[in-house]
Amino acid sequence: MSETKQLRSAQWFARTGKDGLIYRAWMKNQGLPAHEFEGKPVIGICNTWSELTPCNAHFRELAESVKRGILEAGGFPVEFPVMSLGETLMKPTAMLYRNLVSMDVEESIRANPLDGVVLLCGCDKTTPALVMGACSVDLPTIVVSGGPMLTGRFRGRSIGTSDVWRFGEANRIGAMSQQELYQAEAAMCRSRGHCAVMGTASTMACMVEALGLTLPENAAIPAADSRRKVLAQLSGTQIVEMVRADRRLSQVLTRPAFENAIRVNAAIGGSTNFVIHLMAIARRIGVSLSLEDMDHLSADIPLLVNLQPAGAFFMEDFYYAGGLPALMKALEDKLHGDIPTVSGKPMRENWSDAVCYDPNVIATLEKPFKEGPSLAVLKGNLCEQGAVIKPAAASLPLLQHRGQAVVFEDIEDYKARIDDPALPADENSILVLKNVGPKGYPGMPEVGNMGLPKRLLEQGVTDMVRISDGRMSGTGFGTVVLHVSPEAAAGGTLALVQTGDYIRLDVPARRLELEVSEEELAARRARWQAPPMVTRGYVQLYQQHVSQADQGADMDFLQGGSGDRVTRDSH
Ligand code: FES
Ligand code: MG
């Protein structure tokens with residue numbers, strides 16, 4: 001069979017008569033000769049470029065490199081925009097729109113004459129949103145990440161996004177002036193790229209590489225390094241080969257690939273947001289995965305990578321030390337090596353030649369950087385469907401802790417009272433923040449690592465147990481219990497906690513208990529009223545259909561996929 005017949009795009013461009021004329025004619029206004037439409041794999045470059053997503057602002061240039069690779073391999077590149085999500089500017093939180101972007105991506109791919117897709121991903125949510133959408137169509141797909149920023153330098157010290165929290169608290173207690181903050185922020189974000197620590201963006205870049213969705217080294221090459229463009233060009237070449245081999249996402253995204261990603265995430269001390277995004281991706285592609293799987297698969301994996309926020313170094317150091325291939329080699333006894341990747345070759349080939357050039361950055365299983373696990377899933381009456389904590393970024397003595405709750409009903413309540421000298425809190429208290437979950441905020445913002453009361457900071461307290469139904473930035477740290485499900489706004493037990501209640505956190509036993517009797521909880525539940533919901537637009541759709549965090553916080557109607565077939569024409 002000729003390639004023309006096999007290609008999906010031929011259902012548009014190889015047509016005769018009126019329909020073919022329409023599909024080709026308007027493309028020709030871009031100055032394209034007729035032979036562009038003859039049997040070439042049409043490759044969509046799904047671009048999240050936006051000047052409002054600074055982490056992805058270099059993506060038009062990156063797309064040019066991808067195009068060179070596609071052309072070189074005999075494909076026909078077509079770049080298209082989708083809604084972009086920037087962590088730093090979007091209110092109330094970029095997470096509110098992850099599912100919307102996934103719908104944009106899914107429908108854009110399916111509706112158009114594409115044979116394969118390159119996903120250009122960078123800032124946190126752009127990666128899961130694009131992968132989720134692409135999974136629901138299941139064409140041959142490769143991911144190219146934008147790469148991390150160069151390490152910041154401020155007053156002789158290396159800095160990165162995790163210092164946002166340190167600088168913020170130093171400023172609150174008067175240890176850093178506003179003028180100093182201005183200087184620090186310029187020093188921190190001094191190059192193109194996404195956050196330079198093992199925050200969510202880098203975690204997502206590692207996730208897609210560990211899943212086999214990228215060429216090796218994708219995770220760590222700095223955005224400003226010319227080798228990032230080389231990787232983009234080679235990915236462009238690769239996607240054309242993938243179309244010719246009809247190698248689809250579902251052939252790469254199998255259960256063992258997810259297991260690899262979970263184990264790699266544990267070894268890199270990845271962001272807690274990984275849990276939500278991987279769960280959502282699994283449910284799109286039809287792989288069964290539970291929070292318990294995440295816990296079990298992470299349990300015997302120590303922290304091998306010494307990167308902020310759990311350690312000391314930065315993504316740039318990680319790249320120079322050998323990057324994700326060297327990490328996967330160190331972890332190879334725990335990984336599936338014989339599963340396919342986008343290259344068609346077994347996963348093992350991505351790491352077999354890797355060398356670790358700096359054991360201070362990438363350690364070994366025999367001599368890890370820190371004992372694990374770096375991620376734990378909690379259960380108990382306060383989180384019947386689960387909650388997560390990142391022990392790697394927490395304080396060891398607080399991982400088993402019993403204390404009295406200091407409750408904030410919502411974020412406004414928190415902001416109004418946290419620095420009130422009369423707040424009944426000491427260092428043993430547990431700060432509880434409600435109504436910051438998927439439905440409640442809405443959109444599940446990164447406020448779970450809420451700042452400590454000023455009075456306690458001034459006394460030298462650096463960490464307290466904090467519990468919420470929200471998320472935490474992947475750059476954040478502290479003894480922070482996140483993603484409590486069901487969330488308060490959905491009537492979870494979290495909604496019933498009152499100031500003064502005792503809570504017991506026991507991470508080694510994976511428990512989180514509210515020490516209030518069943519009778520008392522039932523009485524409180526009878527008095528509880530659900531908060532009002534939004535009544536129009538996307539946010540209404542979101543609140544009505546978003547699943548809880550333990551399910552990936554995707555819309556219930558977006559699970560699974562609809563494939564790539566569209567039979568009807570537009571005219
Ligand atoms: Fe974009 Fe951190 S703000 S990756
Ligand atoms: Mg973030």
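The values are calculated or read from the model by the stated rules, or taken from the named source; none is laboratory data. A quick note: this is a predicted structure, and the numbers were derived from the prediction, not measured. Here the Cβ positions follow ideal geometry from the backbone for every residue, glycine too, while neighbour counts run over all protein chains shown.
Number of residues in the stretch 453-476 that are more than 13 Å from ligand 2 (Cβ to nearest atom) and buried (at least 22 other Cβ atoms within 10 Å of the Cβ): the value is 7. Might you check whether a residue that is part of a strand (DSSP E or B), more than 16 Å from ligand 2 (Cβ to nearest atom) and either buried (at least 18 other Cβ atoms within 10 Å of the Cβ) or free of Cβ contacts under 8 Å to residues at least 12 places away in the same chain (or both) occurs anywhere in the stretch 58-69? Within the stretch 58-69, not a single residue is part of a strand (DSSP E or B), more than 16 Å from ligand 2 (Cβ to nearest atom) and either buried (at least 18 other Cβ atoms within 10 Å of the Cβ) or free of Cβ contacts under 8 Å to residues at least 12 places away in the same chain (or both).
Anything in the stretch 281-309 that is closer than 20 Å to Cys189 by Cα and aliphatic (A, V, I, L, M)? List them, or say none.
Start the filter on the stretch 281-309 by keeping residues that are closer than 20 Å to Cys189 by Cα, which leaves 307-309.
Result: Leu307, single match.
Taking the criterion of being part of a helix (DSSP H, G or I), surrounded by 24 or more Cβ atoms within 10 Å (Cβ to Cβ) and in contact with a Lys or Arg (Cβ under 7 Å, 6 or more places away or on another chain), the only residue of the stretch 261-275 that qualifies is Asn273. Taken over the stretch 291-334, the criterion of being in contact with a Pro (Cβ under 9 Å, 6 or more places away or on another chain) and in a loop (DSSP other than H, G, I, E, B) is satisfied by Asp300, Ile301, Pro302, Leu304, Phe314, Ala321. Can Glu180 be described as assigned to a helix (DSSP H, G or I), within 16 Å of ligand 1 (Cβ to nearest atom) and either of a type in the set (Phe, Trp, Tyr) or over 22 Å from Thr272 (Cβ atoms) (or both)? In short, no.
Mind listing whichever residues of the stretch 1-57 are under 38 Å from the mean Cα position of the chain (by Cα) and acidic (Asp, Glu)? Answer for the stretch 1-57, where residues must be under 38 Å from the mean Cα position of the chain (by Cα) and acidic (Asp, Glu): Glu3, Glu36, Glu51.
Restricting attention to the stretch 159-172, does a residue exist that is closer than 30 Å to Gly39 by Cβ and touching a residue at least 40 places away in the same chain (Cβ under 8 Å)? Walk me through it before giving the result.
Within the stretch 159-172, the subset closer than 30 Å to Gly39 by Cβ is none.
Scanning the stretch 159-172, I find no residue that is closer than 30 Å to Gly39 by Cβ and touching a residue at least 40 places away in the same chain (Cβ under 8 Å), so the answer is no.
Considering every residue within the stretch 154-169, establish whether at least one is part of a strand (DSSP E or B) and touching a Pro at 6+ places or on another chain (Cβ under 8 Å). Before you say what the answer is, go through the steps one by one.
In the first step, residues of the stretch 154-169 are kept if they are part of a strand (DSSP E or B); the result is 154, 157-159.
Okay, now just the ones that are also touching a Pro at 6+ places or on another chain (Cβ under 8 Å), so none.
No.
In the stretch 19-39, the residues that are under 20 Å from Gly74 (Cβ atoms) form Cβ pairs under 6 Å with partners that are modelled with pLDDT under 95, at six or more places apart or across chains, as follows: Arg24/Phe37; Gly39/Glu3; Gly39/Thr4. Quick check on Leu512: is it in a helix (DSSP H, G or I) and closer than 30 Å to His296 by Cβ? For Leu512, the condition - in a helix (DSSP H, G or I) and closer than 30 Å to His296 by Cβ - is not met.
Answer yes or no: is there a residue in the stretch 464-474 that is modelled with pLDDT of 95 or more and either in contact with a Phe, Trp or Tyr (Cβ under 8 Å, 6 or more places away or on another chain) or more than 23 Å from Val388 (Cα to Cα) (or both). Yes, some residue in the stretch 464-474 is modelled with pLDDT of 95 or more and either in contact with a Phe, Trp or Tyr (Cβ under 8 Å, 6 or more places away or on another chain) or more than 23 Å from Val388 (Cα to Cα) (or both). Say we look at the stretch 510-527 and pick out the residues that are among the hydrophobic types (A, V, I, L, M, F, W, C) and touching a residue at least 24 places away in the same chain (Cβ under 8 Å); which of these is surrounded by the most Cβ atoms within 10 Å (Cβ to Cβ)? The residue in question is Leu512.
Return the residue satisfying two criteria in turn: it lies in the stretch 212-230 and is surrounded by fewer than 24 Cβ atoms within 10 Å (Cβ to Cβ) and aliphatic (A, V, I, L, M), and of such residues it is nearest to ligand 1 (Cβ to nearest atom). If we take residues in the stretch 212-230 being surrounded by fewer than 24 Cβ atoms within 10 Å (Cβ to Cβ) and aliphatic (A, V, I, L, M), then Ala224 is nearest to ligand 1 (Cβ to nearest atom). What pairs come out if I take residues in the stretch 189-204 that are under 14 Å from Gly86 (Cα atoms) and pair them with residues that are among the charged types (D, E, K, R) and near ligand 2 (Cβ under 10 Å from one of its atoms) whose C-beta lies under 7 Å away, six or more apart or interchain? Short answer, once both residue conditions are applied: Thr200/Asp124; Ala201/Asp124.
Against the list (1) within 16 Å of ligand 2 (Cβ to nearest atom); (2) assigned to a loop (DSSP other than H, G, I, E, B); (3) of a type outside the set (A, V, I, L, M), the condition His483 fails is (2).
From Ala170, Ala134, which residue is more than 30 Å from Ala257 (Cα to Cα), aliphatic (A, V, I, L, M) and more than 16 Å from ligand 1 (Cβ to nearest atom)? Step through it out loud before you land on a result.
On the way: Ala134 fails: more than 30 Å from Ala257 (Cα to Cα).
Among Ala170, Ala134, only Ala170 is more than 30 Å from Ala257 (Cα to Cα), aliphatic (A, V, I, L, M) and more than 16 Å from ligand 1 (Cβ to nearest atom).
Got a number for residues in the stretch 303-338 being without any contact (Cβ under 8 Å) to a residue 24 or more places away in the chain and farther than 19 Å from Asp353 by Cα? Summing the residues that are without any contact (Cβ under 8 Å) to a residue 24 or more places away in the chain and farther than 19 Å from Asp353 by Cα in the stretch 303-338 gives 1. Scanning the stretch 212-225 for residues that are within 20 Å of Cys189 (Cβ to Cβ) and out of contact with any strand residue (DSSP E or B) (no Cβ under 8 Å at 6 or more places or on another chain) returns Ile221, Ala224, Asp225.
Could you identify the single residue in Asn449, Asn435 that is within 16 Å of ligand 1 (Cβ to nearest atom), under 29 Å from His277 (Cβ atoms) and not assigned by TED's automatic domain parsing to the domain that holds Arg98?
Working: Asn435 fails: within 16 Å of ligand 1 (Cβ to nearest atom).
The unique qualifying residue is Asn449.
Every test in (1) within 22 Å of Arg98 (Cβ to Cβ); (2) buried (at least 24 other Cβ atoms within 10 Å of the Cβ) is passed by Val252 save one, and that test is (2).
Can you tell me how many residues in the stretch 184-211 are of a type in the set (Gly, Ala, Ser), in contact with a strand residue (DSSP E or B) (Cβ under 6 Å, 6 or more places away or on another chain) and near ligand 1 (Cβ under 10 Å from one of its atoms)? Explain how you work it out, then say what you get.
Step one: filter the stretch 184-211 for residues of a type in the set (Gly, Ala, Ser), giving 184, 186-187, 191, 193, 196, 199, 201-202, 205, 210.
The next check asks that each one be in contact with a strand residue (DSSP E or B) (Cβ under 6 Å, 6 or more places away or on another chain); those that pass are 184, 187, 193, 196, 201-202, 205.
Checking which are near ligand 1 (Cβ under 10 Å from one of its atoms) leaves us with 193, 196, 201-202, 205.
Going through the stretch 184-211 one residue at a time, the tally reaches 5.
Could you grab me the full set of residues in the stretch 128-141 that are touching a Ser or Thr at 6+ places or on another chain (Cβ under 7 Å), more than 21 Å from Arg568 (Cβ to Cβ) and not hydrophobic (A, V, I, L, M, F, W, C)? Across the stretch 128-141, the qualifying residue is only Gly133.
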